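The values are calculated or read from the model by the stated rules, or taken from the named source; none is laboratory data. Computed from a predicted structure; not experimentally measured. Cβ coordinates were reconstructed from backbone atoms using ideal geometry, including for glycine residues, and neighbour counts include every protein chain displayed.
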Amino acid sequence: MIFDQTTISLIEQLNISGHGGSEKKMKPILERFGFQHVNQKLWDFANPDTFSRIELKKQTSTQWFDIGKYHFLTAAEKNIIMMFVMHEKGVITSINNISLGRFLDLACSTPEFQKNGWTYKNIQDCHAMSLEFPSMQVKVQMPMKKFIKKFQQEFETIYEKTP
């Protein structure tokens, strides 16, 4: 995904502060690339022409994940683009993409994130709990700012605010 000046201007005009609603705010930008807003368990946007899917995550630093839903992923689901929209007081500072499968592999193989619950065993256990208690969510935190910095070479940074 390469942003032209019009797309960059749209990003710079956005205010994504507050809880929720980031999909609605990012929709005009992603529509420019053929994505349609959908509400699926693992993704928020899909491109019917390329079969690409995007899960949008917006945060200033820490993001909480319902990790039980990452158990039994298909190869196609591991290719879902995790789009991390970082912001400060609602102003987008960067947009960083990584595949869901690669994100999970990195998180679950790094001791500093494993201690927060990022293990494949915990993902399996949380999935089992969600089957037993369907209305319960188990959330695991990820310090995304630190994660992106640590694994910068693994991410595709598609937008970075200029100072």
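Things to note:
- Screening the range 129-163 for residues that are aliphatic (A, V, I, L, M) and in contact (Cβ under 8 Å) with a residue 60 or more places away in the chain and picking the one that is farthest from Leu73 (Cα to Cα) gives Ile158.
- Against the test of being in contact with a strand residue (DSSP E or B) (Cβ under 6 Å, 6 or more places away or on another chain), more than 26 Å from Ser17 (Cα to Cα) and modelled with pLDDT of 95 or more, the options Gly117, Gly101 yield a single qualifying residue, Gly117.
- Checking each residue in the range 10-63 for being hydrophobic (A, V, I, L, M, F, W, C) and in a strand (DSSP E or B) picks out Phe45, Ala46, Ile54, Leu56.
- Pairs, first free of Cβ contacts under 8 Å to residues at least 40 places away in the same chain in the range 99-120, second part of a helix (DSSP H, G or I) and of a type in the set (Val, Ile, Thr), C-beta under 8 Å, six or more apart: Leu104/Ile123; Cys108/Ile123
- Among residues of the range 1-57, those that are in contact with a Gly (Cβ under 9 Å, 6 or more places away or on another chain), touching a residue at least 40 places away in the same chain (Cβ under 8 Å) and not hydrophobic (A, V, I, L, M, F, W, C), counted: 3
- Every condition in (1) more than 13 Å from the chain's Cα centre (by Cα); (2) closer than 25 Å to Pro143 by Cβ; (3) at pLDDT 95 or above holds for Lys78 except the one numbered (1).
- Phe65 being of a type in the set (A, V, I, L, M, F, W, C) and either under 22 Å from Ser135 (Cα atoms) or modelled with pLDDT of 95 or more (or both): yes
- Scanning the range 74-86 for residues that are farther than 17 Å from Gly18 by Cα and surrounded by 15 or more Cβ atoms within 10 Å (Cβ to Cβ) yields Glu77, Lys78, Asn79, Ile80, Ile81, Met82, Met83.
- Boolean, Phe35 is of a type in the set (A, V, I, L, M, F, W, C), farther than 16 Å from Ser94 by Cβ, modelled with pLDDT of 90 or more and in contact with a strand residue (DSSP E or B) (Cβ under 8 Å, 6 or more places away or on another chain): yes
- Residue match in the range 35-45 (condition: over 13 Å from the mean Cα position of the chain (by Cα) and on the phi > 0 side of the Ramachandran plot): no
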